[in-house]
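The values are calculated or read from the model by the stated rules, or taken from the named source; none is laboratory data. Not measured: the values here are computed from a predicted model. Every residue, glycine among them, receives a Cβ derived from its backbone with ideal geometry; neighbour counts consider all protein chains shown.
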Amino acid sequence: MLAIAMVCVSAETINAQDISSVHEINIYTYLAPLTLLLIFSELIYLGVTRKKLLSFQEAIANLGTALGNQTMNVLIAATVYVIYGYLWTNFRIYTIELNVYTLFILLILMDFFSYWVHRWGHAINILWAIHSPHHSGEEFNIFVGLRASVTQRVFTFSVLWPLTILGFTPFDIYLVNGIHLFIALFQHVTWTGKTERLGVIFNTPSHHRVHHAVNKQYLDKNFSDFLIVWDKLFGTFEPERDECIYGMYNPPRSWNPLIINFHYFGVLWRDAAATSSYVDKVRVWFMPAGWRPRDLSPFDHDQITRQEQLRYRSPMFLGAKLYLIVQAVTAIPFTVMIISPETGLTNEARWLGGLLLWIWIVNWGGLLEARKWAWASEIIRVFLMLGYFCWIFFTNTPIIVSSLVFNVYSLVWTLIYFRPGSSTFLSNQPLGYQFRRPI
């Protein structure tokens, strides 16, 4: 019900806007505070109940992946407005005005399309490579909901174009897709039970836990994003009965967002290179998910029990935990700054800021894994970041001074704790299981 109310409020807000300025809006800028509120509610709940459903390393990696994904939204928005704008201008059947009712209809239509995007993403190797970063998290919480692939948005918008032919404007589609993604975040929270009555029509955390599980009976089930009725209609619904085991087969086993995003592309590339069949070198990309060339051994996809599961954790630098918390809290407003049109940054400043953000979050992965290169890379990043702020805020002394203080702190901390050979420790993640083999 909260989601429906939010959609209605959004429609009323848009109707009050001048259509000439509507393309200057990034819906994710406005959804960021609501997302943070959702994160804080999750953290408070887990803190009060002391439920061990969240680990530090995976949470930081998931957040970094989410922030990096936001840099794609600027490019996606520009592409959507150009290509979808051309389709809407030249081929639309109707001209649909945006209001509470049509926005709700668009949300339902988008949910239908999203069901099939999601289902195809589990069915074909190359599409699974696009979607699998979201499933490679080995927990289930709000941070996993943030763990999105940078290529997923490209795939999604390559399917939603019929909505422009119907008569919805590119901005309408982009706006409602953002709201639709925010609604999907609710499916990853830990503070609800099975909510069986709500789950008759709507997708709930219970239904979505099934979708994220690798239990044999749960594989390729519950693809719906907002309304669970699509799964019930098309025969892919499965209720939650047994305890869910989360993760994916052939996981990335890394906290590096580049590896998380492109790991399964690497799996397919290595299979294509290894097979002697020239036909299979092409087929491997388009065959059902998990298929391998005939001259390669099949993957081990046997049932994994909780006692057998091996979840990834790595030694991290001593001093990395507090440092990464401070960096993560700082990176959130930095991300909002570079994606929000209201900040008035030039396109060059946005792209350079996006590049710096990616260096930043890749370094987080290096620190979480105590990589030798992380020390030098973080030192370079600190100086680049200071130079960036001096460039875009050269007349704003308070911001430059604040940036100088923060980056000096980052530099000193890096020099003390992250040198090659510095002390490391195995993060005390709340796992509580015996580890035998990876999924």
- Item | Flag for residue 188 being in contact (Cβ under 8 Å) with a residue 60 or more places away in the chain, buried (at least 20 other Cβ atoms within 10 Å of the Cβ) and within 25 Å of residue 303 (Cα to Cα) | no
- Message: Exactly one of these conditions fails for residue 320: (1) free of Cβ contacts under 8 Å to residues at least 24 places away in the same chain; (2) assigned by TED's automatic domain parsing to the domain that holds residue 368; (3) among the aliphatic types (A, V, I, L, M). Give me its number.
- Response: (1)
- Task: Output the number of the condition that residue 214 fails; it satisfies all remaining conditions of (1) in contact (Cβ under 8 Å) with a residue 24 or more places away in the chain; (2) under 27 Å from residue 126 (Cβ atoms); (3) crowded, with 22+ Cβ neighbours inside 10 Å; (4) over 16 Å from the mean Cα position of the chain (by Cα).
- Result: (3)
- Using beta carbons and a limit of 7 Å, which pairs, at least six apart or on different chains, have the first residue in region 237-249 and free of Cβ contacts under 8 Å to residues at least 40 places away in the same chain and the second one crowded, with 18+ Cβ neighbours inside 10 Å and part of a loop (DSSP other than H, G, I, E, B)? 237/221; 237/222; 237/228; 238/221; 238/222; 242/215
- Task: Consider only pairs whose beta carbons are under 7 Å apart and that are at least six residues apart or on different chains; among these, list those whose first residue lies in region 399-419 and is charged (D, E, K, R) and whose second residue is surrounded by 14 or more Cβ atoms within 10 Å (Cβ to Cβ) and at pLDDT 95 or above.
- Result: 419/375
- Note on the structure: Of those in region 1-33 that are within 19 Å of the chain's Cα centre (by Cα) and either closer than 24 Å to residue 85 by Cα or surrounded by 13 or more Cβ atoms within 10 Å (Cβ to Cβ) (or both), the residue modelled with the lowest pLDDT is 26
- Does region 269-285 contain any residue that is assigned to a loop (DSSP other than H, G, I, E, B), surrounded by fewer than 16 Cβ atoms within 10 Å (Cβ to Cβ) and out of contact with any helix residue (DSSP H, G or I) (no Cβ under 9 Å at 6 or more places or on another chain)? yes
- Message: Looking at residue 211 and the list (1) modelled with pLDDT under 95; (2) in a helix (DSSP H, G or I), which single condition is not satisfied?
- Response: (1)
